[in-house]
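The values are calculated or read from the model by the stated rules, or taken from the named source; none is laboratory data. Quick caveat, the model's predicted, so the values are computed rather than measured. Note that each Cβ is placed from the backbone with ideal geometry, even for glycine, and that neighbours are counted across all protein chains shown.
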Ligand SMILES: Cc1ncc(COP(=O)(O)O)c(C=O)c1O
């Protein structure tokens, strides 16, 4: 590491709460799908800050919009109107079919808001004991008390118990268990249409069908957590629609601000009518900076980005499937569009990520054995091909095999 790198590490070690195990690299700038470290070394970024830098790095339109907005007005609080919230909410409604937005600042906050609004709905109807939540094994919804309570992993949960009560977990592969768990006592079911942190696992169609049926039969609210898989990531606006699900509430974040912290809880009118002045709020939520960034992202999404992701996804899928075929280290490849998980054994996963870094490729490991790719939604064909070649080499290195180019 460089001198700057050493200094950064030393000062962080002394003063930053040690909750992240960082890789040994200090990133200082970027452009498109590439980022550069303090030594001037370039990396292909196939993770985009865990699915956040949706338009790539240093996007000219976003940079200009943020600069313009900073020169005008950044924040007013939600005590006053400003010109941008209504318009951004209207565009989200058009995209999702859910009429109303609550503006917040992260995926976790969006989940938290959805859980509160689901509770509020049953309370408003006088069913104050209808508080049960059903969630799925392998889920990740965030780390605040509400969102953590519906997150399944013991490592996330155990040190912070007791959590919010009345949450039941079912396996995403057990439709019968789901049918039994969702009753007239269930306030809501929360689902990631593709589990992200859980290893890039789409909800099986049979489970999705049972979920839709049970929610309809019992009146249970459906919350789709599209924080990671939504907003064009899979080559569709939202993956819940692909599964035949029509959520009452939706949590959004990550790609929405293209790097500016933006979250949103979307609600259909049925639930929105139950929420009253003062029920929930956020000082920063929906400020002008956040709305301006979201507008730039929505411009791109509505301007052909979803179709572009679908095409790029076909190329990436083909390349990953070829890699899986050629590498004994790879078990399964799962995903859609520009969201992929490559299942390898646990010890290889860490080595793949480390050797990829050495070869100038940013990826990460999730759910123990899964190497995950979440590139910028704007990635071009040449960058996909280059990333696939670096990944092939990293897999070969990690598996201890030769890294000569394929014939
Ligand atoms: C599906 C899902 N929900 C919620 C969250 C929490 O989002 P944030 O880290 O922005 O609070 C994440 C983060 O990875 C996520 O993947």
Quiz item: When the range 69-88 is examined, which residues are found to be part of a helix (DSSP H, G or I) and in contact with a helix residue (DSSP H, G or I) (Cβ under 9 Å, 6 or more places away or on another chain)?
Solution: 69, 70, 72, 85, 87, 88
Self-check item: All positions within the range 359-386 that are in contact with a helix residue (DSSP H, G or I) (Cβ under 8 Å, 6 or more places away or on another chain) and part of a helix (DSSP H, G or I)
Solution: 381, 384, 385
Practice problem: For the range 327-353, name all the residues that are closer than 24 Å to residue 254 by Cβ and out of contact with any strand residue (DSSP E or B) (no Cβ under 8 Å at 6 or more places or on another chain). | Solution: 337
Quiz item: Does residue 157 fit the bill of being surrounded by fewer than 18 Cβ atoms within 10 Å (Cβ to Cβ), under 17 Å from the mean Cα position of the chain (by Cα) and within 16 Å of the ligand (Cβ to nearest atom)?
Solution: no
Quiz item: What number goes with the only condition from (1) touching a helix residue (DSSP H, G or I) at 6+ places or on another chain (Cβ under 8 Å); (2) in a helix (DSSP H, G or I); (3) away from the ligand (no atom under 15 Å from the Cβ) that residue 123 does not pass?
Solution: (1)
Practice problem: Could you tell me which numbered condition residue 115 fails, if it satisfies all but one of (1) farther than 22 Å from residue 233 by Cα; (2) free of Cβ contacts under 8 Å to residues at least 60 places away in the same chain? | Solution: (2)
Self-check item: Residue tally, condition touching a helix residue (DSSP H, G or I) at 6+ places or on another chain (Cβ under 9 Å) and either assigned to a loop (DSSP other than H, G, I, E, B) or within 16 Å of the ligand (Cβ to nearest atom) (or both), over the range 14-68
Solution: 20
Quiz item: Is there a residue in the range 227-248 that is assigned to a strand (DSSP E or B) and either away from the ligand (no atom under 13 Å from the Cβ) or under 17 Å from residue 113 (Cβ atoms) (or both)?
Solution: no
Quiz item: Which numbered condition trips up residue 294, out of (1) assigned by TED's automatic domain parsing to the domain that holds residue 131; (2) within 16 Å of the ligand (Cβ to nearest atom)?
Solution: (1)
Quiz prompt | Members of the range 137-149 found to be within 11 Å of the ligand (Cβ to nearest atom) and touching a helix residue (DSSP H, G or I) at 6+ places or on another chain (Cβ under 9 Å), listed by number | solution = 140, 141, 142, 143, 144, 147, 148
